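Peer 1: Mind looking over this structure? Questions follow.
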Amino acid sequence: MLLVPGWDDQNPAFYCELALQFTGRGWVCHTLDLPDPASSQMKAQATREHNLRDLLAGCDALAGDPGVDPNAIAIVGVSYGGYLAAFASAMRPVRWLALRSPAIYRDEGWTTPKEQLDKEDLAAYRQRALRPHENRVLAACEAFEGDALVIESECDDTVPQPTVRTYVAAFERARSLTHRVLPGADHELSRGEWRHAWQLLLVSWLTQKAQERPQPPN
């Protein structure tokens, strides 16, 4: 499993706990931080192109781990991490894709540093009901044929309902699609009970889907 938190996520302890939960269930877990926490200059200059390249490298490193079945890869992406994870699902073998409050951006400005994108324009764009032919990340979701989970925060001002429902509608070819809403939750899941609810949903869903996967003959 590759865990991809949101941009500049301020809750690393939660992802450590989540990784430990899955490690205890037999998963190999890697976590990718965006942007690189070791460099403030990198943060100012980082573009979606740079970050997607980093994520793909993370996928390759995970698949190359001796303890990993390369045909049983899960990516769990949050917000900006979910946006990039959806792209990765069209570029690497991904069986399970879990997105929490996945963000969306215009296709234009792909090589513009993320910190320089127009936030007001972005907020307006995220209120639109978009189709896969109107945005490349939605086209990637449309092409995905694995199992997909989309989790929405009911009171999310950063990634509003229209954006999440746009993602949900795009998964037309998925083997299965599960959409859940966290009642009362904000984008950051600032309360412990909201983080706990998300964790329970994710663990339950991935455990069930992994059990449903046909086992290779001995």
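Peer 1: With n ≥ 4 as the cut-off for DSSP H runs, can you work out [θ] at 222 nm for the chain, using -39500 (n - 2.57) per run divided by the number of residues, rounded to the nearest 500?
Peer 2: Computed mean residue ellipticity for the chain: -12500 deg cm²/dmol.
Peer 1: With everything on Cα atoms, drop me the angle between helix 80-89 and the longest principal axis of the chain, reported from 0 to 90° to the nearest 10.
Peer 2: Helix 80-89 sits roughly 60 degrees off the main axis of the chain.
Peer 1: Right, something else. Tell me which of Leu55, Met1, Ser79 sits at the most positive position along the dipole axis of the chain, charges placed on C-beta atoms (Lys, Arg +1; Asp, Glu -1).
Peer 2: Looking along the dipole axis, the top candidate is Met1.
Peer 1: Between Leu200, Leu182, Leu138, where does the largest GNM mean-square fluctuation fall for the chain, given springs only between Cα atoms within less than 10 Å?
Peer 2: Looking only at Leu200, Leu182, Leu138, the largest GNM fluctuation is found for Leu200.
Peer 1: Using DSSP to call loops (not H, G, I, E or B), can you name the trypsin sites (Lys or Arg not before Pro) in segment 133-193 whose Cβ has at most 16 other Cβ atoms within 10 angstrom?
Peer 2: Numbers: sites: Arg136, Arg165, Arg173, Arg175, Arg180, Arg191; in loops: Arg173, Arg175, Arg191.
For trypsin sites (Lys or Arg not before Pro) across segment 133-193 that sit outside H, G, I, E and B with at most 16 neighbouring Cβ atoms in 10 Å, the list reads Arg173, Arg175, Arg191.
Peer 1: May I have the convex hull volume per residue, in Å³, for the Cα set of the chain? Write out the running numbers ahead of the final one.
Peer 2: Details: hull volume 25.7 nm³, N = 218.
Residue-normalised Cα hull volume stands at 118 Å³.
Peer 1: Less than 13 Å apart at the alpha-carbon level, and either on another chain or at least 8 residues along: which aspartates and glutamates does that give for Lys119?
Peer 2: Asp157
Peer 1: With the full set of protein chains in place, find how many percent of the accessible area of segment 55-126 is carbon and sulfur; take the probe as 1.4 Å.
Peer 2: Looking at segment 55-126 in its full context, I get 51 percent from C and S.
Peer 1: Another one. Counting pairs of alpha carbon atoms under 8 Å apart in space and at least six apart in sequence, what relative contact order in percent does segment 1-154 give?
Peer 2: 25
Peer 1: Now for a separate question. Using 0.36 nm times the number of residues separating Glu172 and Ala210, minus their current alpha carbon distance, what extension gain do you get?
Peer 2: This chain segment gains 11.6 nm when fully extended.
Peer 1: Sticking with this one: In terms of Cα to Cα distance under 20 Å, which lysines are near enough to Lys209, apart from those fewer than 8 places away along the same chain?
Peer 2: Of all the lysines, none pass the test against Lys209 - Cα under 20 Å, at least 8 places apart if same chain.
Peer 1: Picking from Leu201, Pro113, Gly146, whose Cα lies most toward the positive end of the charge dipole for segment 53-201 (charges on Cβ: Lys, Arg +1; Asp, Glu -1)?
Peer 2: Gly146
Peer 1: What does the C-alpha gyration tensor say about the overall shape of segment 129-218? Classify as rounded when a/c is under 1.5, otherwise prolate if a/b is larger than b/c, or oblate. Show your work: numbers first, answer last.
Peer 2: Working: a/c = 3.29, a/b = 1.14, b/c = 2.88.
Cα axes put segment 129-218 in the oblate bin.
Peer 1: Same structure again: Under 10 Å, Cα contacts only: if you run a Gaussian network model on the chain, which one of Thr31, Thr158, Thr178 comes out with the highest mean-square fluctuation?
Peer 2: In the Gaussian network model the winner is Thr178.
Peer 1: Pick out, from Leu18, Gln211, Gly64, the residue whose Cα sits farthest towards the positive end of the charge dipole of the chain, with +1 on the Cβ of Lys and Arg and -1 on the Cβ of Asp and Glu.
Peer 2: Most positive-ward Cα: Gln211.
Peer 1: Now, a different point. Using only Cα atoms, tell me the angle between helix 192-212 and the longest principal axis of the chain; keep it within 0 to 90° and round to the nearest 10.
Peer 2: Around 50 degrees separate the two axes.
Peer 1: Roughly how many Å² is the accessible area per residue of the chain, as a whole number, for a 1.4 Å probe?
Peer 2: Working: 10530 Å² over 218 residues.
On a per-residue basis, 48 Å².
Peer 1: Is the shape of segment 149-197 rounded, prolate or oblate, going by the alpha carbon gyration tensor and its root eigenvalues a ≥ b ≥ c, with a/c under 1.5 for rounded and a/b larger than b/c for prolate?
Peer 2: Numbers: a/c = 3.47, a/b = 1.71, b/c = 2.03.
In terms of gyration-tensor shape, oblate.
Peer 1: Can you tell which of Ala44, Ala139, Ala103 shows the greatest fluctuation in a Gaussian network model of the chain with Cα springs below 10 Å?
Peer 2: Answer for the Gaussian network model of the chain: Ala44.
Peer 1: Now a separate question. About its Cα centre, what dipole magnitude does the chain give when the only charges are +1 on Lys and Arg Cβ and -1 on Asp and Glu Cβ, stated in debye to the nearest 20?
Peer 2: Values: 22 positive and 29 negative charges, 111 e Å.
Rounded to the nearest 20 debye, it is 540 debye.
The values are calculated or read from the model by the stated rules, or taken from the named source; none is laboratory data. All of these numbers come straight from a predicted model, not from anything done at the bench. No Cβ is skipped: glycine too gets one built from the backbone with ideal geometry, and neighbour counts run over all protein chains shown. Note: accessible area is taken over every heavy atom of the protein model, side chains too, but ligands, DNA and RNA are not part of it. Shrake-Rupley method; radii C 1.70, N 1.55, O 1.52, S 1.80 Å.
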